[in-house]
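Values quoted throughout were computed directly from the atomic coordinates according to the rules given, and no laboratory measurement underlies them. The model shown is predicted, which means the values in this text are computed figures rather than measured ones. Cβ coordinates were reconstructed from backbone atoms using ideal geometry, including for glycine residues, and neighbour counts include every protein chain displayed.
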Amino acid sequence: MTDTEMRLDPLRQTWTVFSKSRVVKPEFSEGVDDPAAPSPFAAGNERFAPQSIYTAHPAAGDPWQARVVPSRTPVLRVEGEASMGAHGFYDRMDGVGAHEVIIETPGNAPLEELPLPAIGEVITAWKARMLDLTRDERMRCFFIIKNTGEQAGATLKHAISQLIAMAVVPLSLRRKLIVTREFYSRKKRSIFEDILREEVRVALRLVYENNGFAAFCPYASRAPFEQAIYPKRQCADFHGITDQEIAQLADVLKTALQRLMKSLDRPAYNLILFTAPTRTRRHDHWNTLSEDFRWHIEIVPRLFYPNGFEIATGCHLNSVLPESAAEYLRKVEV
């Protein structure tokens with residue numbers, strides 16, 4: 001096998017990524033268990049991290065506000081052919097993509113405790129790197145992933161997020177694309193618009209909103225205190241976010257995370273930003289993406305590991321109704 005390889009499960013139609021780099025633990029991985037361990041991402045320790053490919057400089061004070069570096073243990077690599085080939089009965093391809101680390105602060109504060117302009121710089125870094133990677137025609141879809149806490153897959157306590165670019169559209173995103181396309185074909189409007197309108201109207205599951213975004217606990221939340229953040233403007237591509245919306249998103253993101261952290265005594269969580277895949281030159285079945293899909297964020301606390309029932313059925317077990325979770329979150333002082 002090459003350094004990274006992808007194999008398609010013919011029954012589930014899901015991809016498994018095999019990556020040799022994931023065999024070796026990243027340097028300083030003990031940082032989760034040892035608060036005194038040095039962070040390779042802190043100011044002054046830049047020599048421990050790869051060369052920056054993006055840097056945001058503040059007007060004064062810290063030497064930098066946010067940095068982006070290639071991952072030392074990439075899930076996917078830019079080298080290789082983005083084409084699927086047969087392997088006997090099965091299908092496989094090179095593990096083509098990109099894996100970058102967004103260092104959200106030169107200090108040790110978590111994202112939600114940073115000032116709003118600093119959170120805005122992190123969001124701007126997400127946008128800038130995504131825009132740059134869209135120039136590579138092999139890349140079809142992009143994800144921003146933030147793992148916080150060991151149970152969520154974090155290996156360091158330093159505030160970071162990750163950008164993953166893939167040469168395929170994975171099943172989790174493809175399912176959403178199919179649902180949104182079919183809804184639009186029937187209703188001639190976006191399902192995201194209908195969900196957002198309902199959540200704002202009833203307000204029972206609403207956690208926080210401003211002029212640009214709303215955070216709410218989804219009607220069928222998969223985990224206690226799960227939150228979703230939807231933009232109020234129809235936009236399929238995250239990299240289409242405006243400067244005004246960056247400031248508004250920073251406000252909603254800070255509030256949503258602060259309320260979650262204070263409510264559950266700093267739980268582990270996964271934050272995932274979903275955006276539309278790139279459009280191909282051919283006329284394919286994703287041609288209504290700009291009208292039917294909307295980029296969005298999901299924040300899922302990791303309070304329990306999946307059990308056999310959830311794995312077997314694909315159903316989720318949740319002991320807290322979203323209405324109760326949202327009510328509790330709204331009462332948290334931030």
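Before moving on, here are some points about what is shown:
- Across all Cα atoms of the chain, the radius of gyration (one decimal) and Dmax (whole number) stand at 19.9, 59 Å.
- Mean ellipticity per residue at 222 nm, deg cm²/dmol - from DSSP H runs of n ≥ 4 across the chain, formula -39500 (n - 2.57): -8000 deg cm²/dmol
- Long-range HN-HN contacts of Tyr208 with modeled amide H, under 5 Å: Ala215
- Each principal axis of the Cα atoms in segment 217-269 has its own extent, and those three values, largest first, are 33, 23, 15 angstrom.
- Chain lengthening between Ala43 and Asp136 when straightened (0.36 nm per residue, less Cα-Cα): 30.4 nm
- In this Cβ point-charge picture (+1 for Lys and Arg, -1 for Asp and Glu), the chain has a dipole of about 880 debye about its Cα centre.
- Rounded to the nearest whole angstrom, the semi-axes of the ellipsoid equivalent to segment 171-334, taken from the Cα gyration tensor as √(5λ), stand at 27, 20, 14, largest first.
- FRET efficiency, 1/(1 + (r/R0)^6) with R0 41 Å, evaluated for Gln13 and Val320 via beta carbons: 0.80
- Positive-end ranking of Tyr184, Trp295, Pro231 along the dipole of the chain, with charges on Cβ about the Cα centre, is headed by Tyr184.
- Annotation: lysines with alpha-carbon distance below 21 angstrom to Lys331 (same-chain offsets under eight excluded): Lys254, Lys262.
- Evaluating kT/(6 pi eta Rh) at 10 °C and 1.306 mPa s, with the Kirkwood radius of segment 1-168 over Cα pairs in the Stokes-Einstein relation, gives 93 µm² s⁻¹.
- Radius, Kirkwood style, for segment 176-241 when every pair of distinct Cα atoms is counted (Å): 12.8
- Two-decimal Rg to Rh for segment 112-166 - Kirkwood Rh, Cα set: 1.03
- Unit charges on C-beta of K, R, D, E only; dipole of segment 171-334, Debye: 400
- Distance between modelled label sites at Leu116 and Ile311, nm, 7 Å Cα→Cβ extension: 4.5
- With the simple spin-label model, which puts each label point 7 Å out from Cα in the Cβ direction, the Leu303 to Gln244 separation comes to 3.8 nm.
- Placed amide H near Ala268: partners under 5 Å, 5+ positions off or other chain: Arg302
- Label positions at Ile145 and Arg174, each projected 7 Å from the Cα along the C-beta direction, are separated by 1.8 nm.
- Among the trypsin sites (Lys or Arg not before Pro) in segment 111-140, those located in a DSSP loop and surrounded by at most 15 other Cβ atoms within 10 Å of their own Cβ are Arg135.
- Kyte-Doolittle mean at least -0.5, axial Cα span of 27 Å or more - DSSP H helices of the chain: 243-263
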